[in-house]
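Read through the structure below, which is laid out as structure tokens, and then see the notes.
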Amino acid sequence: MRKKIVAGNWKMNLNKLDAVELFKSLESSVYPPDVEVIIAPPSIYLDSFSNASNLKIASQDVSQNSNGAYTGEFSSEMLFSINLRFAIVGHSERRVFHNESDEMIFNKVKSLLNNGLTPIFCCGESLDDRNNGIQFDVVNSQLSNILNNLSSSDLEKLIIAYEPVWAIGTGLTAEPSDAQAMHSYIRNTIANKFTTKTSEQISILYGGSCKPANSKELFSMKDIDGGLIGGASLDSNSFLAIVNSF
Ligand code: PGA
């Protein structure tokens, strides 16, 4: 059975006081034993939350380089050294605002795997892509580096997050059936390249305006194993309700 996962991506929100308050409330909450709960606070707070025991802590990004003259960046090794084991890579906001290419994102995936961290690999099409009917091709091409260059044992370590860009922070959610269609496409693509067994082990999360009102229906879909939650992860009640909606 693959893992059910709910991950909260706090993005660039919350000052220290508010972040600590939300962290404490989530850390002391009771979760269903079969759901892994991850939060990704802004990097400036990661070290102070890395002793969490109830929650898993993720970085929102990582450098593709291992060390050196890269002002403002931090490496996978540094994340590991503060006890982190997860990092989001390839979020659409990084792809768009920081011009991250598929190659750069793949380098980040490799760096994380080499240093013992689990990448939460994001992919997803824009509204134009969907309107032009090329959403599957776009996601396929975003996945191509990991499918063509990772071993099955490395691929099995990944968490994949399908996040249609048009649904992120917009209040528009993919219809559960459309999200399921993409999740099933991703799983079949992995099965064709590797094996069904490999494809069945990888948790594929949905992200994009996921909230308590729609999480139950989304998570009831066969290939949706949880969510990557932005806005609704900033409120402990909403986040808890989502975690409890499997
Ligand atoms: P949202 O963000 O839930 O606010 O749409 C999701 C994400 O970007 O991970």
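Just so you know, all these numbers are worked out from the coordinates, no wet-lab data involved. Note that this is a predicted model, so its numbers are computed, not measured. All Cβ positions, even for glycine, are placed from backbone atoms using ideal geometry, and neighbour counts span all protein chains on display.
Here the stretch 22-145 yields Rg over Rh of 1.02, to two decimals, using C-alpha coordinates and the Kirkwood radius. When the alpha-carbon atoms of the chain are used, the pair Rg, Dmax equals 16.7, 48 angstrom. For the chain, the mean residue ellipticity at 222 nm estimated from helices alone is -12000 deg cm²/dmol, where every DSSP H run of n ≥ 4 contributes -39500 (n - 2.57) and the total is divided by all residues, rounded to the nearest 500.
Between the amide H of residue 229 and those of 7, 8, 9, distances stay under 5 Å, these residues lying 5 or more places away or on another chain, with hydrogens modeled in the peptide plane. Could you work out the local net charge near residue 215, counting Lys and Arg as +1, Asp and Glu as -1, over the other residues with Cβ closer than 15 Å to its Cβ? Its environment carries a net charge of -2. By the count of neighbouring beta-carbon atoms within 10 Å, fewest first, 223, 102 end up ordered 102, 223.
Over the chain, what is the relative contact order in percent, taking alpha-carbon pairs closer than 8 angstrom and at least six residues apart? About 21 percent, as a whole number. Taking label positions 7 Å along the Cα-Cβ direction at both residue 151 and residue 53, the computed distance is 3.5 nm, reported to one decimal. Cross-link reach is defined here as a Cα-Cα straight distance under 27 Å, omitting same-chain residues fewer than 8 places apart; for residue 11 the lysines meeting it are 3, 24, 56, 108, 110, 157, 211, 216.
Checking the a/c ratio against 1.5 first, then a/b against b/c, what shape does the Cα gyration tensor give for the stretch 96-235? Rounded, because the longest to shortest axis ratio a/c is under 1.5.
Each label was represented as a point 7 Å from its Cα along the Cα-to-Cβ direction; for residue 237 and residue 181 these points are 3.6 nm apart. Summing +1 for each Lys or Arg and -1 for each Asp or Glu among the other residues whose beta-carbon sits under 13 angstrom from that of residue 177 gives -3. For the stretch 1-73, the alpha carbon convex hull comes to 114 Å³ per residue, rounded to a whole number.
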